[in-house]
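This report concerns only the one structure given below.
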Amino acid sequence: MPNLTEALESLAEQMVTGMEGQRKSMVAVTEFTDSSNRVSDLGVFLAEEMITRLFRTGRLRVVERSKLNEVLAEHNLGMSGLVDDATVKQLGKILGVDAVAVGSIIDLGDQVRVNARLISAETGSVFSVAAVSLPKDEQVSSMMRRIPRRPSSTVAGGGSSLGSVGGYNYFEDFSSVEEGQFPEGWSGGATLYVKPSTQLPGKNVLAPFQGKNHEFSIPELVFPENWKLEIQYIIDHGGSRGVRGAKFRWRAGSLDFGYTLQKSVNTWSQTWYIGNTNIKTTTYLHKICTLALEKQGDVFKLYLNSDKLLVTRNPGFTAPKGLAFSYPATFGIYSIKLTELP
C-alpha cells in the first residue's frame, strides 16, 4: 500500500487525467465526507491537499476552498446537496467552474478508502472517478476522529448555516470505531468496548463488558470560552445491585457535574448536581437520555432531555482541557457533542 504522500499524488493525477479527458480546466474541490456525511479534519486535509496538488500541475485552475465554503453558506447548502444535479449546475454558474470534485472517506479497519467523483457543472453528471487507499496509521486515525467547528453565518431568508458538520467543536458517535474496540485518543476504558446498539438499530454504543467501576477520559478535548456539552446515554442500575447508592460523575477541569442514585427499600431516587448545587428529580433508568451542560461566562445550566434542572455560577472556572467520566454501573454512551456558543 502506498504511503500518505504517494496516495495523495495518485489521487491528484487521476483527477487531472479525468479533467483533461473532458477538456475541462477549472474545478472546485469540496471537503471529503465520511459515511455519516460529516466532514472530519481528514476530509478538510484531503480537500486542501487536492487543491494544492492540482494547482501545482499547472494544468488546472482551482477555486479556493474558503470561496467555495462562502458560496455554500450563502445559499444554505451542505456537502450533501452537491449530489443534486441542479445544485451542481448552480454552483458552476456562481463560481464559473467546469467541474466540482466531491469525495468520500470509508473506514475499512486497517486502511481508509478515499473515493473522488468529478461532476460536470454543465450537465450535473459524473464524468470521471478516482480512488486510493490510505494506511490507517495514527496520524490518519487522529484526523478522522476530529470534527472541525463551523462558525454560524446568516443566510438568505433568515436563520443560520452551520456548515456540513453542524458546528461541533467535537463529535463522536462511535460510527467509525470498529466493533469490540475502544476509541483511539481516549484514555482508560480497559473494561469498555464499542458494540452495535439494541435500543437504536444502526447505531453504535460504548458500553462495559465487565466490571462495576469504569473511569475513562477524552484527554485532548479542548473547550472554547463558552460552550454546550451534550451526552446521549442510558443507565442501568443492574451493575449497582447490592449497593444503596451510586454516583455518576463527569469532570471538566475543576467542575464536577452528574448525579447520584440512592436506593431505599425498592425505590430509587436521583439527585443531579453541578459542584455543590443539586436537585432531586425523577429517576431515569433503562431510558435513553440526553444530558446537556451549557457555560456562558461564569453561569452554568444543566439540562436533561431539554428540561432545565439547575443553574449555578462558578466565577473561578477556567477552560478545561479534557473530559473525564466515572461510572459505577452498567451504561451505554451513544454520542458526545461539544459546541461553541456565542
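Here are some notes:
- Looking at the stretch 166-235, the strands (runs of 3 or more DSSP E) lying wholly inside it that each contain 1 or more residues that are touching an Asp or Glu at 6+ places or on another chain (Cβ under 7 Å), more than 28 Å from LEU341 (Cβ to Cβ) and not hydroxyl-bearing (Ser, Thr, Tyr) sit at 192-196.
- Any hit, the stretch 296-303, residues being touching a Ser or Thr at 6+ places or on another chain (Cβ under 7 Å), outside any strand (DSSP E or B) and not aromatic (Phe, Trp, Tyr): no
- Within the option set LEU323, LEU310, LEU338, being buried (at least 19 other Cβ atoms within 10 Å of the Cβ) and either free of Cβ contacts under 8 Å to residues at least 40 places away in the same chain or not in a strand (DSSP E or B) (or both) holds for one residue only, LEU310.
- Selection status of THR318, more than 25 Å from the chain's Cα centre (by Cα), surrounded by fewer than 19 Cβ atoms within 10 Å (Cβ to Cβ), farther than 18 Å from LEU261 by Cα and not aromatic (Phe, Trp, Tyr): no
- Residues within the stretch 9-44 that are among the hydrophobic types (A, V, I, L, M, F, W, C) and either more than 24 Å from ALA121 (Cβ to Cβ) or in a strand (DSSP E or B) (or both), tallied: 5
- One residue from LYS308, LYS301, LYS321, LYS295 being at pLDDT below 80 and assigned by TED's automatic domain parsing to the domain that holds GLU230: LYS321
- If the condition is being closer than 16 Å to THR271 by Cβ and polar (S, T, N, Q), then the stretch 301-325 contributes only THR312.
- The residue that is modelled with the lowest pLDDT, among those in the stretch 180-194 that are surrounded by fewer than 16 Cβ atoms within 10 Å (Cβ to Cβ) and not small (Gly, Ala, Ser), is GLU184.
Yes or no, residue by residue, for (1) at pLDDT 85 or above; (2) in contact with a helix residue (DSSP H, G or I) (Cβ under 9 Å, 6 or more places away or on another chain); (3) on the phi < 0 side of the Ramachandran plot:
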site: ARG65; (1), (2), (3): no, yes, yes
site: LEU72; (1), (2), (3): no, yes, yes
site: MET79; (1), (2), (3): no, yes, yes
site: VAL83; (1), (2), (3): no, no, yes
site: ALA86; (1), (2), (3): no, no, yes
site: GLY103; (1), (2), (3): yes, yes, yes
site: LEU118; (1), (2), (3): yes, yes, yes
site: THR123; (1), (2), (3): yes, yes, yes
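The values are calculated or read from the model by the stated rules, or taken from the named source; none is laboratory data. All values derive from a computational prediction rather than experimental measurement. Neighbour counts are summed over all protein chains in view; Cβ atoms, including those assigned to glycine, are modelled from backbone coordinates with ideal geometry.
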